[in-house]
1. If you take just the helices (runs of 4 or more DSSP H) that sit entirely in the stretch 118-215, which of them hold at least 1 residues that are among the small types (Gly, Ala, Ser) and in contact with a Phe, Trp or Tyr (Cβ under 8 Å, 6 or more places away or on another chain)?
2. Across the stretch 148-165, what is the total count of residues that are closer than 14 Å to THR207 by Cβ and in contact with a Lys or Arg (Cβ under 9 Å, 6 or more places away or on another chain)?
3. Could you list, in sequence order, the residues of the stretch 84-113 that are within 26 Å of LYS52 (Cα to Cα) and either among the basic types (Lys, Arg) or in a helix (DSSP H, G or I) (or both)?
4. Free of Cβ contacts under 8 Å to residues at least 60 places away in the same chain, closer than 21 Å to TYR7 by Cα and either hydroxyl-bearing (Ser, Thr, Tyr) or in contact with a helix residue (DSSP H, G or I) (Cβ under 9 Å, 6 or more places away or on another chain) (or both), is that true of LEU176?
5. If you scan the stretch 177-199, which residues turn out to be buried (at least 17 other Cβ atoms within 10 Å of the Cβ) and more than 16 Å from the chain's Cα centre (by Cα)?
6. Filter the stretch 125-172 for residues that are free of Cβ contacts under 8 Å to residues at least 24 places away in the same chain and polar (S, T, N, Q) and give the result.
7. Step by step: first the residues of the stretch 1-46, then only those that are assigned to a helix (DSSP H, G or I) and among the acidic types (Asp, Glu), then the one that is surrounded by the most Cβ atoms within 10 Å (Cβ to Cβ). Which residue is that?
8. Which one is surrounded by the fewest Cβ atoms within 10 Å (Cβ to Cβ) among residues in the stretch 108-159 that are of a type in the set (Ser, Thr, Tyr) and either modelled with pLDDT under 95 or in contact with a Gly (Cβ under 9 Å, 6 or more places away or on another chain) (or both)?
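The values are calculated or read from the model by the stated rules, or taken from the named source; none is laboratory data. Bear in mind the structure is a predicted one, so any value in this text is a computation, not a measurement. Counting neighbours? That spans all protein chains shown, and the Cβs are built from the backbone with ideal geometry, glycine included.
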Amino acid sequence: MKTINNYIEHTLLKPDSTKDDIIKLCKEAVEHKLYGVCVPPYFVQLAKKEIKKSNVKIISVIGFPFGYDTVASKVEETKKAIISGADEIDMVINVAAFKSGDDATVLNDLQAVIMACHLQNKIAKVIIETAYLTKEEIEKACRMCVESDADFVKTSTGFASRGASIEDIEIMRKVLPTKIKIKAAGGIRDRKTAEDFIKAGADRIGTSAGVAIVGTTDEAALNA
């Protein structure tokens, strides 16, 4: 039976994070049997070394946190992260292009990065940054993710004015087919909040509070 531990991507993406911080993050993820660790591209190789032979996955971010990098730079960053040991890629959508109505650029960006992941049999997640979007724009961004064959749509970077909301998840789940999963991230710091997001339709939880969320009841099954 799936436990809450299996939903958690233990995350550290602060710009001032250090090698020691990442080592600690990885050790905690292994100890608590969390799904994965989400780290900056710079630290992917270190995380790979620390995770060793455990089942903990390594997730890294591309075009983070603003998303307006060029398509070429995002693709190269993706390839490098995968070569370094990343199992999954969380890319930030080009919010500036999206808000400008430049759908062709947005789709090209999405499809190029997602293809770079899929060619290496890696999972591609798209961060749509819901804090900047209306309900209609969230729906549109999700449809573009469907068109681009994303594996997941993720709510937030955690660097915008707010993180995920239950309403975001509900809107996303109504638009996305069941094969495309949802990752909620940003501001999720306790077990009840994490469970509420899972019950609303989130398949993964990105959080820096993974240890606090699983607490001392690591093996308790989640009745979602």
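1. On the way: elements: 135-147, 166-175, 191-200, 210-214.
Counting at least 1 such residues, we get 135-147, 191-200.
2. 4
3. At the first step, the residues of the stretch 84-113 found to be within 26 Å of LYS52 (Cα to Cα) are 84-91.
The answer is SER84, and nothing else.
4. Spelling it out, LEU176 is indeed free of Cβ contacts under 8 Å to residues at least 60 places away in the same chain, closer than 21 Å to TYR7 by Cα and either hydroxyl-bearing (Ser, Thr, Tyr) or in contact with a helix residue (DSSP H, G or I) (Cβ under 9 Å, 6 or more places away or on another chain) (or both).
5. Of the residues in the stretch 177-199, the ones buried (at least 17 other Cβ atoms within 10 Å of the Cβ) are 180-186, 188, 191, 193-195, 197-198.
Hits for the stretch 177-199 are ARG191, THR193, GLU195.
6. The one that is free of Cβ contacts under 8 Å to residues at least 24 places away in the same chain and polar (S, T, N, Q): THR134.
7. Among residues in the stretch 1-46 that are assigned to a helix (DSSP H, G or I) and among the acidic types (Asp, Glu), the one surrounded by the most Cβ atoms within 10 Å (Cβ to Cβ) is GLU28.
8. First, pick out the residues of the stretch 108-159 that are of a type in the set (Ser, Thr, Tyr): 130, 132, 134, 148, 155-157.
Now drop any that are not either modelled with pLDDT under 95 or in contact with a Gly (Cβ under 9 Å, 6 or more places away or on another chain) (or both), which leaves 130, 155-157.
Working: THR130: 27, THR155: 30, SER156: 27, THR157: 24.
That would be THR157.
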